[in-house]
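Participant: Here it is: the structure, laid out below.
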Amino acid sequence: MPIHYTVDPATPDVLEGVTEDFILFYSSRDEHGKLWCPDCVDVEEIVSKTFESAEAPSVLIVWVGQRAQWKTPSNPFRAEPWKVGSIPTIIRVKDVSVSIRLGVISSVVD
């Protein structure tokens, strides 16, 4: 299965040497296993269908933290080099540099 996950919440050092094709910044899950971000909930099935097959590109899901952690301007994923402004955000990784930043996850599926 080409879906890989960071620890929850993630720290930026997990992105050093990423080998996956895509990085997906996602809300963390609460104590009941639910995503707190409604947009992340909306795309969860699309993400699974897009990346779960053996032939699919690989993706690293990065848990950005609980709502309060994410909303703080000092969240490390809001800073360089990622500058994630909203979640979910998917980034295509190529040759260790960001090559495409997609604001809408359906763009990957199309």
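Participant: Among the residues of region 44-91 satisfying the criterion of being more than 17 Å from SER28 (Cα to Cα) and among the aliphatic types (A, V, I, L, M), which is farthest from the chain's Cα centre (by Cα)?
Facilitator: Step by step, filter region 44-91, then rank; the result is ALA54.
Participant: Being of a type outside the set (A, V, I, L, M, F, W, C) and modelled with pLDDT of 90 or more narrows it down to one of PRO88, PRO81, so name that one. Let's see the steps before the verdict.
Facilitator: Values: PRO81 fails: modelled with pLDDT of 90 or more.
One residue alone meets the criteria, PRO88.
Participant: Quick check on my filter: what residues within region 18-52 are free of Cβ contacts under 8 Å to residues at least 12 places away in the same chain and of a type in the set (Gly, Ala, Ser)?
Facilitator: Passing the criteria: only GLY33.
Participant: Looking at region 4-21 only, could you name the residues that are hydroxyl-bearing (Ser, Thr, Tyr) and either within 12 Å of the chain's Cα centre (by Cα) or under 17 Å from VAL84 (Cβ atoms) (or both)?
Facilitator: Step one: list which residues in region 4-21 are hydroxyl-bearing (Ser, Thr, Tyr), which gives 5-6, 11, 19.
TYR5, THR6, THR11 - these are the residues of region 4-21 that are hydroxyl-bearing (Ser, Thr, Tyr) and either within 12 Å of the chain's Cα centre (by Cα) or under 17 Å from VAL84 (Cβ atoms) (or both).
The values are calculated or read from the model by the stated rules, or taken from the named source; none is laboratory data. Computed from a predicted model, the values in this text were never measured in an experiment. Cβ sites come from the backbone with ideal geometry, for glycine too, and all protein chains shown count toward neighbours.
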